[in-house]
Amino acid sequence: MQPEGAATAIKVTGLRKAYGKTVALDGLDFDAAPGRITGFLGPNGAGKTTTFRALLGLTHPDAGHMTVLGMEVGKDTPALVKRLGAVVEEPGLIKGLSGRDNLRVAAYTLGRGWDRIGSMLELVGLAADGGRRIDGYSKGMRQRLALAAALLGDPDLLLLDEPLDGLDPAGQVQFKRLLRELAAHGKSVVVSSHDLADVEEMADDVVLINHGKLVTQGEMASLLAGGGFRVVVDDARRAVELLNGAGLTTRMEGSVLMVDAESGADISRVLGEAGLYPSEVAPRKGRLEDFFLQLTDGGIP
């Protein structure tokens, strides 16, 4: 569970980091709510990995302030590390060891016993392969082992960079179900992924950054709710004339009319007053991919 008094799992204010003349983070501000899955998104080079590394104390920002689980990164980092689990960039696994021995090394690093190793291997679907050297693991198996290592300390917060990379479809389904279960038990999860459809499926919230700055953040459902309305009506041409005349923006997508309006009642009223009655007026939910491309000028996630 989250520590008492932690209003946010992560709070970042004014974070700046430059590598020579390359500015990776340019005054980044964002929050991540506790007990939820947050999709941390941005085009390539937006500063996502640098942010994760800064939160983990692996790189030192030039300016800014970070609190994680109510503790200050930099000041409380040793205590904080014990509450975090992370898979960032290439998982740090020892290839000459078995999966189980890798977890024993991780447990020693965390100052924990080996009591959770068996259950973590079971949790990520590697119970039958724990005794094998990881030289023979597939990329997906190594990814799952890295997650098991991240979960060994029973962390309150998980930072996951491309966690579905290398997993087959069945493994992806299992992994997303696991993350949902962790959030349901009060864990906070922040996921960075280039697969926007997966993020849309599993995340509660979105933080979108570009050029090292915040673009937008909020609940997934709220951010994607601004897609207007789908309208199905017999005389679509006449409906377009009426709605445009009322100051509403319309466009056709196949045989369905899309209308930007504050409410479906406005659409029904305009059409009904002219004796034109739609068979459907329903909110159009936008796709995360469309939302992403619109706000990042077509940047590649």
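Side notes on the structure shown:
- Simple point charges give the picture: +1 on the Cβ of Lys and Arg, -1 on the Cβ of Asp and Glu, and for the stretch 23-112 a dipole about the Cα centre of about 560 debye.
- Whole-percent carbon and sulfur share, accessible surface of the stretch 183-301, 1.4 Å: 49 percent
- Dipole magnitude for the stretch 101-173: about 240 debye, using +1 per Lys or Arg Cβ and -1 per Asp or Glu Cβ, origin at the Cα centre.
- Euclidean distance of C-alpha centroids, the stretch 235-301 and the stretch 80-100, integer Å: 48 Å
- Residue pairs, from the table Lys11/Lys82; Lys17/Lys82; Lys187/Lys213; Lys17/Lys95; Lys11/Lys95; Lys139/Lys176, whose Cα atoms sit over 28 Å apart: Lys17/Lys95; Lys11/Lys95
- Descending principal axes extents, the stretch 203-295, alpha-carbon based, whole Å: 51, 22, 21
- Residue-normalised accessible area of the chain, expressed per residue, 1.4 Å probe, Å²: 48 Å²
- Cα-based radius of gyration of the stretch 142-301 once divided by 2.2 N^0.38 Å, which approximates compact folds: 1.38
- In the chain the Cα-Cα distances spread across 10 Å bins starting at 0 as 6, 24, 27, 20, 12, 8, 3, 0 percent of all pairs.
- Think of each Lys and Arg Cβ as +1 and each Asp and Glu Cβ as -1; about the Cα centre, that makes the dipole of the chain roughly 1060 debye.
The values are calculated or read from the model by the stated rules, or taken from the named source; none is laboratory data. Note that this is a predicted model, so its numbers are computed, not measured. Methodologically, a virtual Cβ is constructed for each residue, glycine included, from the backbone with ideal geometry; neighbour enumeration extends over all protein chains shown. The protein model used for the area step is the full one, side chains on, heavy atoms only, and it has no ligands, DNA or RNA in it. Shrake-Rupley method; radii C 1.70, N 1.55, O 1.52, S 1.80 Å.
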